[in-house]
Amino acid sequence: MHKKPLIVFEGIEGSGKTTHINFVAKLLKKRKKKFIKIREPGGVKNSEKIRKMILSNKSNFNNLTDLFLYMAARSENIEKLISKNYKKRIILVDRFTDSTMAYQHYGMGISRKIINLLNSFIIKKYKPNFTFINIVNKKNLVDRLKKRKNKNRYDKFNFTFYNKVQKGFLKISRNKQNYMIINSNNSIKLNRKKIFEKINKLI
């Protein structure tokens, strides 16, 4: 494993992925490791502009438009940020290509072939070295979303949709060695221990 890996945190809303990626960022900062942390949608300036469009509660894009906007934001990040830091710094990404497949294919029914074609064209050689898949049960998902003060468009789907997406994540990660499932229904302390041990091996 490369000592400056590209590490991704995936999962549906309320699954704890952002909490865990922030924990890892603090750990790396404490150890004085060179790293960058980005989110999708978002990242560089243009990608953050696209993020606002995608997640705005005033937006009503169709599923294909959503897909193309996500890909456009990713393209900006690859060109202006990831390509310049790949194998030079540790790269932490809050959502990446697996989210596109889970949400846009398993959740919304867009062709897997189209998504794979666009992803392969955009990301080129810049692929994740390791991915943490964060999962959550219905009760905790509902409770956590209720606590969010500012809900965006993707915080307002029904549980049937989120369930399809989460099952999609599990299918994507099945039998793959460079994935780890983090059950966010367990204690944060337990999950941080698992993540900490894995990060130590990766870096």
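What follows is calculated from the coordinates using simple rules that are stated; it is not laboratory data. Computed from a predicted structure; not experimentally measured. With ideal geometry, Cβ positions are generated from the backbone for all residues, glycine too; neighbour counts draw on all protein chains shown.
Below is a table of values for the structure above.
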quantity	calculated
Additional length obtainable on full extension of the chain from residue 34 to residue 145, 0.36 nm per residue less Cα span	36.7 nm
Two-site label geometry, residue 58 and residue 3: point separation in nm, points 7 Å out along Cα→Cβ	5.0
Mean residue ellipticity (222 nm) of the chain, computed from DSSP H runs ≥ 4 via -39,500 (n - 2.57), nearest 500	-14500 deg cm²/dmol
Axial C-alpha extent at least 18 Å, average Kyte-Doolittle at least -1.0 - helices from the chain (DSSP)	17-30, 63-77, 159-173, 188-202
Karplus 3J(HN,Hα) series, Hz, for the stretch 82-90 with 6.51 cos²θ - 1.76 cosθ + 1.60 (x for Gly, Pro)	5, 4, 7, 10, 4, 6, 9, 9, 5
Residues whose placed amide H lies under 5 Å from that of residue 134, excluding near-sequence neighbours	10, 11, 182
Length released on extending from residue 174 to residue 87, taking residue separation times 0.36 nm less the Cα-Cα span	28.7 nm
Estimated distance in nm for a label pair at residue 65 and residue 198, the labels positioned 7 Å out from Cα along Cα-to-Cβ	3.6
Cα centroid separation - the stretch 97-116 against the stretch 125-158, whole Å	16
Calculated percent of Cα pairs over 26 Å apart (choose from [x] 35; [y] 30; [z] 26), label	[y]
³J(HN,Hα), Karplus 6.51/-1.76/1.60, whole Hz, each residue of the stretch 32-40, x for Gly, Pro	6, 8, 7, 8, 10, 10, 10, 10, 10
